[in-house]
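Written below as structure tokens is the structure these notes are about.
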Amino acid sequence: MKEYAIYPFEYMRITQRHDEGNHLAHWQPFKGCSDKPFDEATQDGGRGYFVPKNDYKIVEKHGNQKDGYSVRLETTDKVYIPYQEEPVILEVTLTHINKDDMDKVKVGQVIHKNEKILREGTSGNASGNHFHCTANIGKYYGFMQNGNKKYCFVYEKSLTPVEAFYVDSSVKILDSKGYAFKEVPSQYVGTPVERNTKVDQIEVIVDSLRARKEPSLNGAILGYINKGFYDIQDKVNADNYDWYKVQDMWIAYSKNWENIYKHEETKEEIQQEYMNRILENIPKFLENLIEK
């Protein structure tokens, strides 16, 4: 299954885009670098959490109360992002975290999906609780002073939030600040057909059955197959399962997952089957006749 990079906050309330205010001049000194920060204030009131929808590892920590506490994180696995077709290790930075939360984490620690540890804060020059965020790919140059005389994590390629993240139903959008986020592509595959008594069919009755490229438990997963009827194209046995080919995908069979429907035989098929049985029994009949 493809793993998509999902916006890592439960609430989206972006208060400053990458292309406005003091973010415009955020990176000036060097060519070949980019920095496109955005400010995320999460839900109104209190200190909202960084709530990752992917697993992230902390790879760097910096700062103090005066200059601001910051962490640099990277996804533990390659993820798909809107910016490009091939999966990448996505790197995310968070600034303005307060010391109480910084003391809870260490370099090398993995923050798992939906784990709440880091909260927005006011360390550094923040006038109110928020995260100063960046999302990045490519070469990492280091923790450097930017065009605003502040220190930040500098990469070869910084992404806008819509280039880095998809959104799904877990993200409650309060204010996207005009960013047009893409929804996570459907994880479901297959187009069910009408019930047809003239062909062999299989009915998928669960939502969580994986469709694979090959008839094997090690076959590449294409997604979850949609419930409904499918015409059977082929059948093989492997890995202790009967596998059925439908629409050039393979699904394993279990009576708990699917129903099998054999096609109704035509008059011609019934007659042919009757004749086949007669022909099959002729040798035995002749053998018995000779013995007598």
What residue, among those in segment 240-256 that are in a loop (DSSP other than H, G, I, E, B) and within 16 Å of GLY219 (Cβ to Cβ), is farthest from the chain's Cα centre (by Cα)? ASN240
When residues of segment 103-119 are limited to those that are closer than 11 Å to VAL51 by Cα and touching a strand residue (DSSP E or B) at 6+ places or on another chain (Cβ under 8 Å), the one surrounded by the fewest Cβ atoms within 10 Å (Cβ to Cβ): LYS116
Can you tell me which of (1) loosely packed, with under 15 Cβ neighbours inside 10 Å; (2) of a type in the set (A, V, I, L, M); (3) closer than 30 Å to TYR188 by Cβ is the one LEU24 doesn't meet? (3)
Pairs returned, first residue in segment 81-104 that is within 30 Å of ASN64 (Cβ to Cβ), second residue that is in a loop (DSSP other than H, G, I, E, B) and of a type in the set (D, E, K, R), beta-carbon separation under 6 angstrom, 6 or more apart or interchain, are ILE89/LYS78
I'd like to check something: does segment 208-225 contain any residue that is touching a strand residue (DSSP E or B) at 6+ places or on another chain (Cβ under 7 Å), outside the structural domain of VAL92 (by TED's automatic domain parsing), touching a residue at least 12 places away in the same chain (Cβ under 8 Å) and surrounded by fewer than 13 Cβ atoms within 10 Å (Cβ to Cβ)? yes
Mind counting the residues in segment 87-102 that are outside any strand (DSSP E or B) and surrounded by fewer than 23 Cβ atoms within 10 Å (Cβ to Cβ)? 6
If you take the residues of segment 179-225 that are among the acidic types (Asp, Glu) and within 18 Å of the chain's Cα centre (by Cα), which of them is nearest to LYS262 (Cα to Cα)? ASP207
Residue check, TYR179 against (1) surrounded by fewer than 13 Cβ atoms within 10 Å (Cβ to Cβ); (2) in contact with a helix residue (DSSP H, G or I) (Cβ under 9 Å, 6 or more places away or on another chain), all met but one. Which one? (1)
Tell me which residues, restricted to segment 68-81, are farther than 27 Å from ARG119 by Cβ and part of a loop (DSSP other than H, G, I, E, B). LYS78
In segment 254-263, which residue that is in contact (Cβ under 8 Å) with a residue 40 or more places away in the chain and exposed (fewer than 11 other Cβ atoms within 10 Å of the Cβ) is nearest to LYS235 (Cα to Cα)? LYS262
Can you tell me which of (1) free of Cβ contacts under 8 Å to residues at least 40 places away in the same chain; (2) farther than 18 Å from HIS130 by Cβ; (3) surrounded by 20 or more Cβ atoms within 10 Å (Cβ to Cβ); (4) not aliphatic (A, V, I, L, M) is the one THR76 doesn't meet? (3)
Would you confirm whether or not segment 256-272 contains a residue that is aromatic (Phe, Trp, Tyr), in contact with a strand residue (DSSP E or B) (Cβ under 7 Å, 6 or more places away or on another chain) and at pLDDT below 95? no
From the list PRO52, PRO29, exactly one residue is part of a loop (DSSP other than H, G, I, E, B), modelled with pLDDT of 95 or more, on the phi < 0 side of the Ramachandran plot and of a type outside the set (Gly, Ala, Ser). Which is it? PRO52
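The values are calculated or read from the model by the stated rules, or taken from the named source; none is laboratory data. The structure presented is a predicted model; accordingly, all values stated were derived computationally and were not measured. Positions of Cβ are generated from backbone atoms using ideal geometry, with glycine treated the same way; all protein chains shown enter the neighbour counts.
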